[in-house]
C-alpha cells in the first residue's frame, strides 16, 4: 500500500477515476454516475452488482492483498489496484452493492498503512442492480478531484466510448456505456478539424482492429499526436508504428484493438511488444500509415551522399574478411568479393608486385586511364600497390566492390530497423525512429553501419551459420573488431 503510487506513470487522482471505470467496463454495468461535492466522490455503477460470495470473500482479498487472477488476460481491471488507489486518497471508502436478492455494504480505511474493513448497513435503493463506491477524500485531494477534472480525465482515457462506441466486457459481450458527472452527460472530446481522413484496419487472430488516421488542419498538441491504441474502450498508449515524416505534428487518429487485452503491461499505459499479436498488428498498421504519409507528402525518398554509402560499404565488406562464418553467408547468397580497385593516381599504369595468395586484378582510376597488376588478396584484403612511378604511399586509397555486400537506405513503413536480403542487400529503414534520432544527433553514418552489421549477424543466426548459443559472444567479437578498424 505504501508504494502503490510508484506503479503509476500518470497522476494518482486520474488513476482513481480510471481504475473504477476499468472495473466497471469488465462487468455488465451500462451507466456510471460520478458525483463530486463537499470533499466526497461517489461513483455509482448501474446495471450489475456483486454476488454475496464475491462481495464478502473475493473483494476482501482484493482490497487487502492482490486481485484474484481468475480472468487474467480478458479484463482491464485485473490488477486489483482500484480499491487500493481509492483508499490511498481517502479518509475512508464505503462500497455498497445489490445483486438480485443480495444487498450488502462495507467500509475500508487505512490504519498505519494497513487496510481495515468494517461491515456497514446498506442505505441505497435503486430499481436495478448496482454498485456504489463512496470515497471521503482526504485534504490533499478534496480540491483536486473536481467535476471538471473528472470530465477531463474521462475524455482523455475514453474518447471513443464518449462518442458512442460500444465497449467489450470481460465476458466478450459489447454494450454502450454512458458516463455522467454530477448528473450531466460527459461531453466527448472535440473532433479534430482535418484535411484528410483514412480508415485503418487489420485482422489479428481472427479479430478485427479498426480506426482512422487524420491529417489535422493545424499543428496538434503533443497529447493528441499519434494513433491512440484503445483496448476495451480504454486508451492504452499512442503510437506512430515506426513511421515518421515531416507532418507528424498534424497526424492523429485511433485504433480499436481489443485483441491486445492480453498484452497490457504495468499500469495499462503500455503494451508488451514481443507478442505475435502486437507484431502482426504493428506491421499491418505501419504499412497503411506509411502509405498515408506518402500520400500527404510527409515521406520523401532521400538520396544520401554517394561518398557516405561508399565508406559504409567499404567498412562492412572489410570487416567480413576477418570472420569466415560471414564469408560463408556471403558465398551462400552468391556474393563475390573480387572486383575493381580504385587507384588514386593521375594517368599511367601502375606496375605492382603480386603477394603470395593474391590475384592479379585490373585497377581503375578516377577519370580516364587505368592500372594493371594491382594485388588483391583473398577476401578483398586492401594491399597497397607497389609503384616506382607514384610511390607506395600514393597507390591504392579506396576499393570499389561491385560484387560485395550492398547497403542502402530507404523508407519502409514496417516495424523493422534493418534487414539482410538473399540478394546481398542490407536495407536500413529510414522511417524507423532510431534512424531519425541518429539524423538529429548527426550520427547517421555510424547508425547505418551498426544496423548493417546487426542485420548481417541476425541473418547468419537465422540461416544456421552461427549457432544461437554462441551468437552473443560472436556478435561482441565482430563489433570489437569493427571498432578497431
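Computed values, structure above
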item: Packing-based exposure ordering (other Cβ within 10 Å, fewest first) of 308, 448, 415; result: 308, 415, 448
item: Cα-Cα separations in segment 192-246 greater than 12 Å, expressed as whole percent; result: 73 percent
item: Distance (nanometres) between label positions extended 7 Å along Cα→Cβ at residue 101 and residue 472; result: 6.1 nm
item: Sorted by Cβ density within 10 Å, fewest first, the residues 328, 6; result: 6, 328
item: Three-way shape label, segment 143-251, alpha-carbon gyration tensor, a/c 1.5; result: oblate
item: 19 Å cut-off, amide nitrogen to a point 7 angstrom out along residue 190 Cα→Cβ, residues in segment 202-221; result: 214-221
item: Cβ-derived FRET efficiency at R0 22 Å, residue 12 paired with residue 117, nearest 0.05; result: 0.50
item: Residue order, fewest to most beta carbons within 10 Å, for 131, 237; result: 237, 131
item: Solution diffusion estimate, µm²/s, Stokes-Einstein, segment 190-323, Kirkwood Rh from C-alpha pairs, 25 °C, viscosity 0.890 mPa s; result: 147 µm²/s
item: Stretchable slack from residue 437 to residue 61, in nm (0.36 nm times residue separation minus alpha-carbon distance); result: 130.7 nm
item: Distance from segment 272-334 to segment 110-131 (C-alpha centre basis), Å; result: 58 Å
item: Prolate/oblate/rounded call for segment 4-185, Cα gyration tensor, a/c under 1.5 rounded; result: rounded
item: Extension reserve of the residue 163-residue 237 stretch, reckoned as 0.36 nm per residue once the Cα distance is removed; result: 24.8 nm
item: Approximate spin-label separation residue 182-residue 127, in nm, with each point projected 7 Å along Cα-to-Cβ; result: 2.7 nm
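Values in this text are rule-based calculations from the coordinates and carry no lab data. Just so you know, these numbers come straight off a predicted model, no measurement behind them. Using ideal geometry, Cβ is built from the backbone for each residue, glycine included, and neighbour counts are taken over all protein chains shown.
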